[in-house]
Amino acid sequence: TAPYRTAFYLEVENDALAGAVDRLADAITRADVTRLIDDIAKTAPVMARGVHAQLSAFYTWAMPRLDRLPANPCRDAGRPPAPKPRERVLSDEELKALWNVADKEPKPWGPAIKLLILTGQRRDEVIKAEHSEFDLKAKLWTIPGDRAKNGKAHLVPLSAPAVAVLKGIDKIVGTDKLFPARGNTEAATSGYSKAWGKIFVQVEKELGEIERFTIHDLRRTMATGLQRLGIAMPVTEAVLNHISGSRAGIVGVYQRHDFQAEKRHALDAWAAEIDRIAKGKRRGNVVAIRG
């Protein structure tokens, strides 16, 4: 039988592994693993730990089948420490700069970033979306359960700006993917880390040096912004599809209200706030209270 190829070619949906050396699995050393993990950790420390765990699991399985490998090369390889809970929230100035950069950025990343900002949904839920999930007349996005992190289908009301972004994304013949990969339209586009790095550089050109923020920080920024706008926490959690906090435990068992009207109000209010920020208007001191 053919020997096992390098463990570096595990299916990780990111371009971080593109530079890995193609060698037999029993020729990989802990230094090779450390260099790979260090390279990924420069931009994605959480992913680096995940890749390390996948490699280690692979070698735990493969060790009995690899006669020439004395030990699991992941065992003593370096890996980033467990990340501290993030608290990064973008300021109005940073949101404005990011929106302006996205406005100039071509597909897929310009429209994708705008949808991430406007909807507050997870990166893969946006990047791997399909045209058939969107009902633009009803202004509703249905994320199927098999793509939602918690396994439950999620209804996302679409604000007018979000609908406008979606109308600007042409459907590619032969695929339903919103952002298909070049050369393989059946798959969603990849390379988020590299693209995000370039976009962050453009933001810094506009603002000067700032603390780095991630795509996931956009969700925290929206959650914080909704609270600032007077949106109730259970509604914010419903928008983000979080089954935690006020929607967890015994409350979650008996609370079956879907918050659809409240979610639509929240996302419309957030879109208006983003429009205000992008246009550089000052925030007023009047808060609309919804019964």
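The values are calculated or read from the model by the stated rules, or taken from the named source; none is laboratory data. Bear in mind that the values here come from a model prediction, so they are computed numbers and not experimental data. Ideal geometry is used to build each Cβ from the backbone, glycine not excepted, and the neighbour counts take in all protein chains shown. To get the accessible areas, we keep the full protein, side chains included, count just its heavy atoms, and leave off ligands, DNA and RNA. Shrake-Rupley method; radii C 1.70, N 1.55, O 1.52, S 1.80 Å.
Here is how the numbers come out for the structure above:
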{"read-out": "Residue within the stretch 34-51 that is open to solvent by 30 Å² or more (accessible area, probe 1.4 Å), at pLDDT below 85 and charged (D, E, K, R) present", "value": "yes"}
{"read-out": "Residue satisfying all of: in the stretch 62-79; under 30 Å from the mean Cα position of the chain (by Cα) and open to solvent by 40 Å² or more (accessible area, probe 1.4 Å); nearest to Ala25 (Cα to Cα) among these", "value": "Arg75"}
{"read-out": "Odd one out for Glu186 among (1) open to solvent by less than 70 Å² (accessible area, probe 1.4 Å); (2) of a type in the set (Asp, Glu); (3) touching a strand residue (DSSP E or B) at 6+ places or on another chain (Cβ under 9 Å)", "value": "(1)"}
{"read-out": "Any pair with Cβ under 7 angstrom, 6 or more apart, that starts in the stretch 211-232 at a residue that is among the acidic types (Asp, Glu) and ends at one that is buried (at least 17 other Cβ atoms within 10 Å of the Cβ) and outside any helix (DSSP H, G or I)", "value": "Asp217/Leu90"}
{"read-out": "Tabulated pairs, the stretch 116-129, first in a helix (DSSP H, G or I), second among the polar types (S, T, N, Q) and at pLDDT below 95, C-beta under 8 angstrom, 6+ apart or interchain", "value": "Ile127/Thr189"}
{"read-out": "Near pairs, Cβ below 6 angstrom, 6+ apart or cross-chain, from the stretch 173-186 (in contact (Cβ under 8 Å) with a residue 24 or more places away in the chain and within 17 Å of Glu133 (Cα to Cα)) to any residue that is hydroxyl-bearing (Ser, Thr, Tyr) and open to solvent by 50 Å² or more (accessible area, probe 1.4 Å)", "value": "Asp176/Ser132"}
{"read-out": "Residue within the stretch 105-119 that is farther than 19 Å from Ala27 by Cβ and touching a Gly at 6+ places or on another chain (Cβ under 7 Å) present", "value": "yes"}
{"read-out": "Only listed residue being over 21 Å from Ala266 (Cα atoms), surrounded by 21 or more Cβ atoms within 10 Å (Cβ to Cβ) and among the small types (Gly, Ala, Ser), chosen from Ala102, Ala112", "value": "Ala102"}
